[in-house]
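Enquirer: Okay, handing you the structure first.
Derivation of every value follows stated rules applied to the coordinates shown; laboratory data play no part. As the structure is a prediction and not an experimental result, all values here were calculated from the model. Using ideal geometry, Cβ is built from the backbone for each residue, glycine included, and neighbour counts are taken over all protein chains shown.
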Amino acid sequence: MSMPVETLSSPMIAADRLSIVRCASCGETLDDLTARATCPSCGGLLAVEHTAPGHTGARLRALFDDRLGPAAYRGPAAGRSGVWRFREIVLPGARDEDIVSHPEGNTPLMTRDAVASFAGVSDLWLKHEGHNPSASFKDRGMTAALTQARRIGALAVACASTGNTSASLAAYAAQAGIPAFVLVPEGRVSAGKLAQTLAYGAHMIRLRGDFDDCLELAREASEKLGIYLVNSLNPFRVEGQKTIVLELLQQLGWESPDWISLPAGNLGNTAAFGKALREAHALGLIDRVPRILSVQAAGAAPFAAGFADDFATRRRVRAETAATAIRIGDPASWDRAVEAIRFTNGHVVSVSDAEIFAAKRVIDGCGVGCEPASAASVAGVRALVEKGVIGRGERVVSVLTGHLLKDPDAALATRAGGGLGSDTALSRDEALSHLGRVIASPQTK
Ligand code: F0G
């Protein structure tokens, strides 16, 4: 019999296990090597709890900061990863040989005057998660989920996706050598994401239906066929995605910003941000909790509607938006996202597709670029500055969740930088005179 020890969120777990899994609805606890992605008793969402790391406060900050030294450039991938740098609070029980890492994370924090002035705040930072290996933030959750899949000996992995999760799953499953199955809504996934998913070798099924139909089927299939489900309702995905927040806090010298904004669809990331902030505060990594701003597309905004009535009821809608990554009407991580907004005194807002694309034009046009859904995080800041909820002098970090090339059609359609180009191919002489005309035009000067 092992002695019980205290975990981060207080309950006692056996000393020979570094983590346990607990159902947020009925409280059932499971071994951390469970193959279940949801509670076997009530179907509720599971959360992972870790044994408290040996240190807190300045000593824990120093442990994480020391790993940014020479080790960040040499040695095994896990040592160079912006996820596994925080392994004591991501998955402390994972052995080096279990870890499936590209590596990932270590994404830049940037400032651009044009975006700050568009948003209406002077101190705006862009955390660009499109700089991950498969070009979206999903890689941070996927390295944890595929590591877990390897730990439990999963025979196959599956997800439903609007495209980024499937691309990331395909990449990490290929590395782990585990067959991957993805369900995507027919006709609504951008070309870049489909190309990645197929090229990395996943088995892709296009379903007649939307994302919510795909997720329902993925849950049923994983239940019936014993395939390990790695959508963001899988609690280990959440553990990896927490590191977006941990890394940006570290990049800011552990000084909390006032706000962190992000686009919200299935609400896995909102939930992960809330858990990261709760733990960072409990462990003394930060002394002030930033407020989370979750931004939804107006045509897919059940969570924003819920926020407006203090989450009195859980809502679902039939989703429609050109920001296809967040075209989700029945978000799976609703309850834990509500907790994240409440804990951080956060806010939820919806913005129209026109507002999303206006933000995208500015982000693209200053040479940074992002996919449409990602631009919602900046559009949401602008909307809340106009309403007076965010002060013009407050520090805001907006998370850009995916790369511009994820959706080349949207980028071409918006012609963000105002680049005009010639629409047809020109001869050498025509090209020269075209250049002459453009150079001479007042627009160029
Ligand atoms: N931004 C991008 C680029 C996304 O791909 C997603 C979700 C989100 C934001 C929203 O995050 O769902 O955790 O609230 N994409 C999922 C997918 C649904 O299948 O790729 P969320």
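Enquirer: Glu104's amide H: which non-local residues (gap 5+, or another chain) put their own amide H closer than 5 Å, with H modeled 1.01 Å from N in plane and none for Pro or chain starts?
Expert: Under 5 Å from the amide H of Glu104: Gly82, Val83.
Enquirer: What percentages make up the Cα-Cα pair-distance distribution of segment 286-386 when the bins are 5 Å wide from 0?
Expert: It works out to 2, 14, 22, 23, 19, 12, 6, 2, 0, in whole percents.
Enquirer: What's the extension gain from Glu186 to Ala431 if we count 0.36 nm per residue and subtract their Cα-Cα distance?
Expert: Between Glu186 and Ala431, full extension yields an extra 84.1 nm.
Enquirer: Residue farthest toward the positive end of the dipole of segment 204-243, with Cβ of Lys/Arg at +1 and Asp/Glu at -1: which of Asn231, Gly209, Gln241?
Expert: So the residue we want is Gln241.
Enquirer: In whole Å, how far is the Cα centre of segment 375-395 from that of segment 79-115?
Expert: 28
Enquirer: Which value, in debye to the nearest 20, gives the size of the charge dipole of the chain about its Cα centre, when Lys and Arg are +1 and Asp and Glu are -1 at the Cβ?
Expert: Rounded to the nearest 20 debye, it is 380 debye.
Enquirer: Another one. Below 8 Å between Cα atoms, with a sequence gap of 6+, how large is the relative contact order for segment 60-110 in percent?
Expert: Relative contact order comes out at 34 percent.
Enquirer: Continuing with the same structure: Starting from segment 36-108, pick out the chymotrypsin sites (Phe, Trp or Tyr not before Pro) whose DSSP state is loop and whose Cβ has at most 10 other Cβ atoms within 10 Å.
Expert: Tyr73
Enquirer: Same structure, new question: For the chain, give me the percentage of DSSP beta bridges that are antiparallel, rounded to the nearest 5 percent.
Expert: 35
Enquirer: Here's another thing I want to ask about it. Determine by what factor the alpha-carbon radius of gyration of segment 154-265 differs from 2.2 N^0.38 Å, reporting the quotient.
Expert: Relative to the 2.2 N^0.38 Å estimate, segment 154-265 comes out at 1.19.
Enquirer: With +1 on the Cβ of every Lys and Arg and -1 on the Cβ of every Asp and Glu, and nothing else charged, how large is the dipole of segment 206-282 about its Cα centre, in debye rounded to the nearest 20?
Expert: 180
Enquirer: Shifting gears a bit: Check each of the trypsin sites (Lys or Arg not before Pro) in segment 341-430 and keep only those in coil by DSSP with at most 14 other C-beta atoms within 10 angstrom; list them in order.
Expert: Filter output for segment 341-430: Lys387, Arg392, Arg415.
Enquirer: Relative to the longest principal axis of the C-alpha atoms of the chain, give the angle of the C-alpha long axis of helix 353-365, reported between 0 and 90° and rounded to the nearest 10°.
Expert: 80
Enquirer: Moving on to the next point. Can you give the three extents of the C-alpha atoms in the chain along their principal axes, from longest to shortest, in whole Å?
Expert: Answer, in whole Å and largest first: 83, 51, 47 Å.
Enquirer: Would you work out which of Met110, Ala180, Val121 lies farthest towards the positive end of the dipole of segment 106-224, given +1 charges on the beta-carbon of Lys and Arg and -1 on that of Asp and Glu, about the Cα centre?
Expert: The residue sitting most towards the positive pole is Ala180.
Enquirer: Per residue of segment 125-132, in order, report the coupling 6.51 cos²θ - 1.76 cosθ + 1.60 (Karplus, θ = phi - 60°) as ³J(HN,Hα) in whole Hz, putting x for Gly and Pro.
Expert: 10, 10, 9, 8, 6, x, 8, 6
Enquirer: What's the angle, to the nearest 10 degrees (0 to 90), between helix 428-440's Cα axis and the longest principal axis of the chain?
Expert: In the chain, helix 428-440 runs at an angle near 90 degrees to the longest axis.
Enquirer: Turning to a different aspect of this structure: Of Lys224/Lys406; Lys127/Lys275; Lys127/Lys193; Lys193/Lys387, which ones are farther than 26 Å apart at the Cα?
Expert: With Cα atoms farther than 26 Å apart: Lys224/Lys406; Lys193/Lys387.
Enquirer: Taking the Cβ of Arg316 as the centre, find all other residues whose Cβ is under 10 Å away and add up their charges (Lys, Arg: +1; Asp, Glu: -1).
Expert: +1
Enquirer: When the Cα centres of segment 242-314 and segment 139-158 are compared, how far apart do they sit, in Å?
Expert: Going from one Cα centre to the other spans 24 Å.
Enquirer: Here's a follow-up. Non-local amide H neighbours of Gly44 (under 5 Å, H modeled in plane, Pro and chain starts lacking H): which ones?
Expert: HN-HN under 5 Å from Gly44: Cys39.
Enquirer: Could you state the angle between the C-alpha long axis of helix 268-282 and the longest principal axis of the C-alpha atoms of the chain, as a value from 0 to 90 degrees rounded to the nearest 10?
Expert: Result, in degrees: 60.
Enquirer: Where does the charge balance sit around Val184 when Lys and Arg score +1, Asp and Glu -1, over other residues with C-beta under 12 Å from its C-beta?
Expert: That sum, taken over residues with Cβ under 12 Å, equals +2.
Enquirer: Still on this model: Work out the length of the dipole vector of segment 288-394 about its Cα centre, built from +1 on the beta-carbon of each Lys and Arg and -1 on the beta-carbon of each Asp and Glu, and round it to the nearest 20 debye.
Expert: The calculated dipole for segment 288-394 is roughly 140 debye.
Enquirer: Sticking with this structure for a sec: Return the loop-located trypsin sites (Lys or Arg not before Pro) in segment 190-262 (DSSP other than H, G, I, E, B) with at most 14 other Cβ atoms within 10 Å of their own Cβ; answer none if there are none.
Expert: Passing both the DSSP loop test and the Cβ count: Arg208.
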